[in-house]
Amino acid sequence: MIRRLVVNGRARELDVLPHQTLLEVLRDTLGIFEVKEGCGEGVCGACTVLLEGRPVSSCLVLALAVRGRAILTVRGLEGEGGLHPLQEAFVKSGAVQCGFCTPGMLLTALAFLEHHPRPTREAIRAALEGNLCRCTGYTKIVDAVLAYARGDEGHG
Amino acid sequence: MAEAVVLHPSLRLVGRPLPRHDARDKVAAATAYAADWGMPGMLQATVLRSPYASARIVKLDTGRAAAMPGVAAVLTAKDVPRNTLATDVPGQTTAVGPLRATLHVLATERVRHQGEPVALVAAETLEQARAAAEAIEVQYEPLPGVFDPEAALAPGAPRVHEAGNLLAHWRIARGDSAAAFARAAVIVEGEYTTQFVDAAYLEPESGVAWIDSDGVITIRVSTQVIEHFRDVAEVLQIPQNRVRVIGPYLGGGFGGKEDVTVEVYLGLLALRTGRPVKMVWTRQESLLARAKRHPYRMRYRTGASASGEIVAEQIDLLADAGAYAYLSALVLLYSTVTAAGPYRVPAVEVEARCAYTNNPPTSAMRGFGAMQTVFAYESQMDRIGRALGLDPVEIRRMNALRRGDSLPVGQVLETHVAMPELAERVWAALGPVRPARAAHVKVGRGLACNLQPYGRIVWLHDWSSAWVGFEMDGSLVVRCGVPDVGGGQASSLCQIAAEVLGVGLEQVSVHIGDSALTPLAGTTTASRQLYMSGNAVLKAARELRAQLLAVAAPMLGVKDSALDLLEGAVVADGGRSLPVPDVLRRCAREGVPRSHLAVYHAPAGEPVDLATGSGKVFPDYTFGAHAAEVEIDMETGAVRLVKYVAAHDVGRAINPQSVEGQIQGGAVQGLGGGLLEEVILEEGINLTTSFASYLIPTAADVPDVEALVVESGEGLGPFNARGIGEPPIGPPAAAVANAIADATGVRLTRLPLTPERLARALGLLGKAG
Amino acid sequence: MSAHPLEYAAPETLEDALALLATHGPEAKVLAGGQSLVPLLNYRLARPRLIVDINGLPLASVHADDGRLRLGALTRHHELEESPEITRRCPLLGEAARLVGNVRVRSLGTLGGSLAHADPAAELPMAMVALDAHLTLASSSGHRTVPAREFFRGYLTTALAPDELLTEIAVPVVPGAGWAIEEFSRRPGDFAIVGVAALVSLDRHGHVEDARLAFAGVGDRPVRVPAAEDALRGGEPADARLARAAEIARDALEPASDAFVSGAYRRLLAGVLCRRALGRAVARALGVP
């Protein structure tokens, strides 16, 4: 079935089979490798994308079911000036080690901050509980999200 | 000892928390991990695995599968040119005699654990490959199995391997322990049990192989050991120089990618089909098939004087080696050497054995045998302190090793031992005790210290090599065969080279992890890469610096000792300077090399007779202390971590941010093993093959980890750094167990410290329970 | 991860959807949020011939009438968490939804999907049993309404026939009732080892007028314990009475052991969590924040 997927603002027509997950289509058909597969059952969060602004596990979404709806991956965050400030905060805070969880972590954090611009450390931890990281122990990830949230306040 | 390196009174880059180059690529999701790679015409491959823990293969027919649409190859044991893999010592060393152990690439007549590979399939699509794997006809005849190391060593136990189930046995006997125990005022006995733990990196095992235009089998694979190209060549029975392994940045390793994973399968399938082949394990497959951390049963008997000095210790260790040897014997050696912990014990007996079972294989995981023992020796230390009315810091202070002391194996500690001060610092950092939040909550605190070797066993004659060179424009290139598992291995090398050669980090390009194109650096294991490859890069950079300054000196009319390299220029006393490119052009004219290849050899030694205890086993050790504060729900047994502090003497922090990251991440992995994680097996069948059932900590399960980076200025690495990759995973389980005991008076001796186990120990399940 | 080939249909009317289910019956699977179904497809634990994607159907509305909250089956977990209408009339639903899985599950997962999946450890089935909700099941031959207590028939098993679709959930609103959910899991977001939902309403004398207790994780379906509810009704909601009711509930439950948790421990948790839930529910009924 030829269907339209809208990824990072760009519409693409492609052939999608009924059983294909969004993750499979993004990686194998569209070559969008910034979406990672860590578990294939929606637990680890490495394949997180934003579907109309909400985080979803792309491994638990059939691609046909999201035809025509806005999908955002981490590559969609970068503006003309380069990295998104949250990405910069992750670099500066040392929130990245192996980096495999990072794209999903960034998207989940951004979706959360959209509605909670001044979070506590505890609230950040609760918001990220569905994104597993095996390297950092999370402390510097929380540091980064908090630094970004505070920085935003300063600019606003 | 590394030479004291004082190039500048104040270092410009080393010692600063600089953002890593790879972090920028990773937040932009530009890093191409092993599974993000592809080639034109690439096949997809899968492994057929045994559903049985112990069985005989009575029929194996691939005919139907091979004829299915899209199938390019179906391989079984008979298709493997040499169906054995040596699993003893990955890396540069090829022979250690008695430890040599093998396993089959693909099962022949027997399977010895669930998940053992039986056949390989490559097809045009993954679905076709999986369908064909399902169509392979295998008939198994289940055999009796043995699932516990104690049972495996009992007379009449089913034999996992023909030669018997005892895989390795190490022994230490130092001092007259019988006499010492007779003098002891207090004797504490305990039995401690640890569980199967999975490395559980986020990136599953994955890779792509192809035959390059020069005929070399090239395998781009997520691995901690690119030197496995030799193992691939042996299995394929082709010359070692016809296999190349490229190690991209990893999505985590933690020891689980030290042994071979997909690379041999990919090599076989690429050779057979002549086409590029990709293999990515599912999470379920990874949790099912990968080697785990060894479960241990540890019996400790510790005697102390009335004032609290440990006088004698008897230790009996038994580890579950699973179905194949892998690195079990070496893991057990680490346990044996560290069994008494960072304490002075004049009389020690250690008996350590590991046995084959029909459980999943066990092998390397962060901590490598030196971490299970921490749970036992630090629980013992706490119990002795309590028995004698000494607080946790005091009992450890009294017994802490110092420089010049020797370990039970006879190794004298030649560098600073930061033991008492680390314990004091973390204990103080917990701050004032907070009152419990509710009537059913009790608060407790626990302390645990450890020592962890860094660098490989000295008789393995470890070495690493690195190439550092200037381009004509003054930019710098570092080449080093190090795999970067995510710990900042590559960026630390950049920091060292840039420091010595006076350039900014942004002017350094680093090429890593290519067995054909980068100088071999050995494994990213054993907390050795900063130590070994850091020293290799330091050596290369210093040689290159000397070459350059020797050419620059006459240009500036001064002695080279009066010159410095700063911000891309050669600078003389008095402020005169030359841009580095000018010097490089002079080098070119004069035929002076603008690069240097250096090999760093670790201090080597002869094998030690452990029993008699006579010498050096490891180059050096990293010491640490962790402190935990917990809240216990006295009605449910729930343990909530409130505060966590971890300190390690890292000698010198090359990048303090990376060091903190290692400490925080290692501590949380250790907390996972302490509280949550357990591979649950029933008769060898794994019940925890998903991330919904194998529970690694989430952000909401752990508190912030306060990392105290202590720099004694002593260590064998570059700028006197010590290894820090593994050490932080050791103490957490013991620190939490000690905190639970502090809060409740109840001591748990089995990991993980689950709420149900605590509830049972608290008597909440009553007699009816 | 790839499932095996299958057909996909996205009907735009309920009639079309029901006709597809009538034709394909057991060979069809309904796709709502997909958070339970897609993992089963990925791991080939479910191998339907046809996926009926109902996301295009008008089943996402939320209405209040006659003291009932009528929730379309496609109401997402995040809407249960965030909708002011739902929070005002039945705050227990928001608390239950917040405990479901992770944020990604709550983005897509639906109320109807969670109920139809019928995991005995899940929060929403437990909540619906506590709330005495009524479920509307539609098929091409008509509608029927089933009380939540009769909807759940066993482990992952419901009263839904292969040709039926769960379309609406009607929740009676009890003004002024106190409510609480307590659950115990190894990690936040995991399925509960044990969960309990409590609803307590007090009469004008401050006595318990009605009490309802539903448990998750203690059997093959959500479990009510009428004996414990009876022990609460008519009396003052004093701590001792709450504790006694919790003991009755605990003693009435017979949770099984598995490789992860013993039945005895589930039982302990059921008692402790029940007492705590009742305490919080009573406090809320009394207007203590």
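The values are calculated or read from the model by the stated rules, or taken from the named source; none is laboratory data. Everything quoted here is computed from the prediction, not taken from an experiment. Note that we place each Cβ from the backbone using ideal geometry, even for glycine, and neighbour counts take in every protein chain shown. All accessible areas refer to the heavy atoms of the entire protein, side chains included, with ligands and DNA or RNA removed. Shrake-Rupley method; radii C 1.70, N 1.55, O 1.52, S 1.80 Å.
Quick notes on this structure:
- Here B:Val583, B:Val500, B:Val510 are screened, and the one residue that is assigned to a strand (DSSP E or B), in the same structural domain as B:Val477 (by TED's automatic domain parsing) and either open to solvent by less than 10 Å² (accessible area, probe 1.4 Å) or not aromatic (Phe, Trp, Tyr) (or both) is B:Val510.
- Of all residues making up segment B:340-385, the number that are farther than 21 Å from B:Arg183 by Cβ and either in a helix (DSSP H, G or I) or of a type in the set (Ser, Thr, Tyr) (or both): 12
- Elements of type helices (runs of 4 or more DSSP H) in segment C:1-109, at least 1 residues being within 25 Å of A:Arg125 (Cβ to Cβ) and within 14 Å of chain A (Cβ to nearest Cβ): C:77-82, C:91-98, C:103-108
- Matching option when the condition is closer than 20 Å to B:Ala667 by Cα and in contact with a Gly (Cβ under 9 Å, 6 or more places away or on another chain), among B:Pro408, B:Pro420, B:Pro392: B:Pro392
- Options C:Ala214, C:Ala270, C:Ala197, C:Ala180: the member that is small (Gly, Ala, Ser), part of a strand (DSSP E or B) and touching a Phe, Trp or Tyr at 6+ places or on another chain (Cβ under 8 Å): C:Ala197
- Total residues in segment C:261-277, condition within 7 Å of chain B (Cβ to nearest Cβ) and touching a residue at least 24 places away in the same chain (Cβ under 8 Å): 4
Conditions tested, residue by residue: (1) hydrophobic (A, V, I, L, M, F, W, C); (2) under 17 Å from B:Ala569 (Cα atoms); (3) in contact with a helix residue (DSSP H, G or I) (Cβ under 8 Å, 6 or more places away or on another chain).
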site: B:Val477; (1), (2), (3): yes, yes, no
site: B:Ser492; (1), (2), (3): no, no, yes
site: B:Gln507; (1), (2), (3): no, yes, yes
site: B:Ile512; (1), (2), (3): yes, no, yes
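- For C:Pro255, the conditions (1) more than 14 Å from C:Gly195 (Cβ to Cβ); (2) crowded, with 21+ Cβ neighbours inside 10 Å; (3) under 22 Å from the mean Cα position of the chain (by Cα) all hold with the exception of (1).
- Residue that is most open to solvent (accessible area, probe 1.4 Å) [pool: residues in segment A:8-33 that are touching a residue at least 12 places away in the same chain (Cβ under 8 Å) and in contact with a Gly (Cβ under 9 Å, 6 or more places away or on another chain)]: A:Gly9
- Residue in segment B:647-654 that is within 14 Å of another protein chain (Cβ to nearest Cβ), in contact (Cβ under 8 Å) with a residue 24 or more places away in the chain and among the acidic types (Asp, Glu) present: no
- Hits in segment C:217-233 (condition: in a loop (DSSP other than H, G, I, E, B) and open to solvent by 50 Å² or more (accessible area, probe 1.4 Å)): C:Asp220, C:Arg221, C:Arg233
- With respect to being closer than 30 Å to B:Thr698 by Cα, outside any strand (DSSP E or B), touching a Leu at 6+ places or on another chain (Cβ under 9 Å) and touching a residue at least 12 places away in the same chain (Cβ under 8 Å), C:Arg186 falls outside the description.
- Taking the criterion of being under 30 Å from the mean Cα position of the chain (by Cα) and surrounded by fewer than 24 Cβ atoms within 10 Å (Cβ to Cβ), the residues of segment B:466-478 that qualify are B:Trp467, B:Val477.
- For segment B:641-677, residues that are open to solvent by less than 10 Å² (accessible area, probe 1.4 Å), closer than 18 Å to A:Thr139 by Cα and of a type in the set (Asp, Glu) total 0.
- Residue in segment B:63-84 that is modelled with pLDDT under 95 and not in a loop (DSSP other than H, G, I, E, B) present: yes
- Residue in segment A:119-128 that is in a loop (DSSP other than H, G, I, E, B), within 30 Å of B:Gly725 (Cα to Cα) and open to solvent by less than 10 Å² (accessible area, probe 1.4 Å) present: yes
- If only residues of segment B:732-756 that are within 14 Å of another protein chain (Cβ to nearest Cβ) and within 30 Å of B:Arg456 (Cα to Cα) are counted, the one that is nearest to the chain's Cα centre (by Cα) is B:Pro732.
- Matching residues, segment C:162-191, being within 14 Å of chain B (Cβ to nearest Cβ) and in contact with a strand residue (DSSP E or B) (Cβ under 9 Å, 6 or more places away or on another chain): C:Glu182, C:Glu183, C:Phe184, C:Ser185, C:Phe191
- In summary, B:Ser712 fulfils each of the numbered conditions (1) over 23 Å from the mean Cα position of the chain (by Cα); (2) more than 22 Å from B:Thr338 (Cβ to Cβ) with the single exception of condition (2).
- Subset tally (residues that are more than 30 Å from B:Arg290 (Cα to Cα) and either in a strand (DSSP E or B) or of a type in the set (A, V, I, L, M, F, W, C) (or both)) for segment B:649-692: 4
- B:Val608 meets each of the listed conditions (1) in a loop (DSSP other than H, G, I, E, B); (2) touching a helix residue (DSSP H, G or I) at 6+ places or on another chain (Cβ under 6 Å); (3) open to solvent by 20 Å² or more (accessible area, probe 1.4 Å) apart from (2).
- Cβ separations smaller than 8 Å between residues 6+ apart or across chains give the following pairs from segment B:423-435 residues that are modelled with pLDDT of 95 or more and surrounded by fewer than 18 Cβ atoms within 10 Å (Cβ to Cβ) to residues that are outside any helix (DSSP H, G or I) and among the basic types (Lys, Arg): B:Gly431/B:Lys643.
- Filtered residue count, segment B:678-698, keeping only those that are open to solvent by 10 Å² or more (accessible area, probe 1.4 Å), at the interface with another protein chain (Cβ under 7 Å from one of its Cβ atoms), closer than 29 Å to A:Ala127 by Cα and not aliphatic (A, V, I, L, M): 1
- If the condition is being free of Cβ contacts under 8 Å to residues at least 24 places away in the same chain and surrounded by fewer than 18 Cβ atoms within 10 Å (Cβ to Cβ), then segment C:61-84 contributes C:Ser61, C:His63, C:Asp65, C:Asp66, C:Glu82, C:Pro84.
- Count - residues of segment B:349-380 that are over 19 Å from the mean Cα position of the chain (by Cα), crowded, with 24+ Cβ neighbours inside 10 Å and within 23 Å of B:Gly615 (Cβ to Cβ): 3
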